[in-house]
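Here the structure comes first, spelled out in structure tokens, and everything after it is commentary.
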Amino acid sequence: MSPRRTAPDHDTTALFVRLPAAQARKLDRAAHAVGAPKKDLVAGLVDRYVDPDSDDGLHALRRLGADAPGALPRRIVIEPDEPALVVGHHSFRPADIPEVLTPAQAAALLQVDEGAVLALAEDGRLPGRRIGDEWRFARAALVAWLSDPEAA
């Protein structure tokens, strides 16, 4: 085992943090200078300086957090009076299916490509109406056409 490595400790928890680049380089230099893994340095600093069980310790941590480089503003939690506000909940209502379809919509309904729909319509084998240069199809007529064995 390399001298920089410590024996695995099974009573550990993974900690993934993003440090500002300057502080990360400082931690790298310190770990190299003393020949200790960064995890041991961080664990020692937490053990020595972090005291969440006392008012003074919490005050020091709050001050440290507020003065940290790149610190974000404190989060504010709003607790609603009404239980109607549920975080992470949404409702879904599918879009209404139109009664009159374009060739692309008719193709999607029939699960074929648009060219096949237009070819069948031009041949008079698919119920639809030409309006000017455009084709339109009644959804109900297409569904009835699909279920008619004579149409095939």
| note | Checked against (1) touching a residue at least 24 places away in the same chain (Cβ under 8 Å); (2) in a helix (DSSP H, G or I); (3) not polar (S, T, N, Q), residue 36 satisfies every condition except (2)
| Which of the residues spanning segment 91-143 are open to solvent by 100 Å² or more (accessible area, probe 1.4 Å), among the hydrophobic types (A, V, I, L, M, F, W, C) and either touching a Leu at 6+ places or on another chain (Cβ under 6 Å) or assigned to a strand (DSSP E or B) (or both)? | 131
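Rundown of residues vs (1) surrounded by 10 or more Cβ atoms within 10 Å (Cβ to Cβ); (2) in contact with a Lys or Arg (Cβ under 7 Å, 6 or more places away or on another chain); (3) modelled with pLDDT of 70 or more, yes/no style:
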{"position": "3", "(1), (2), (3)": "no, no, no"}
{"position": "13", "(1), (2), (3)": "no, no, yes"}
{"position": "25", "(1), (2), (3)": "yes, no, yes"}
{"position": "46", "(1), (2), (3)": "yes, no, yes"}
{"position": "61", "(1), (2), (3)": "yes, no, yes"}
{"position": "79", "(1), (2), (3)": "no, no, no"}
{"position": "89", "(1), (2), (3)": "no, no, no"}
| note | Picking from 138, 104, the residue that is among the small types (Gly, Ala, Ser), at pLDDT 95 or above and in contact with a helix residue (DSSP H, G or I) (Cβ under 8 Å, 6 or more places away or on another chain) would be 104
| note | If you go through 121, 71, the only one that is at pLDDT below 80 and at negative phi is 71
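The values are calculated or read from the model by the stated rules, or taken from the named source; none is laboratory data. None of the values given here were measured: they were computed from a predicted structure. Glycine gets a Cβ as well: all are built from the backbone with ideal geometry, and neighbour counts include every protein chain shown. For accessibility, only protein heavy atoms count, side chains too; no ligands or nucleic acids. Shrake-Rupley method; radii C 1.70, N 1.55, O 1.52, S 1.80 Å.
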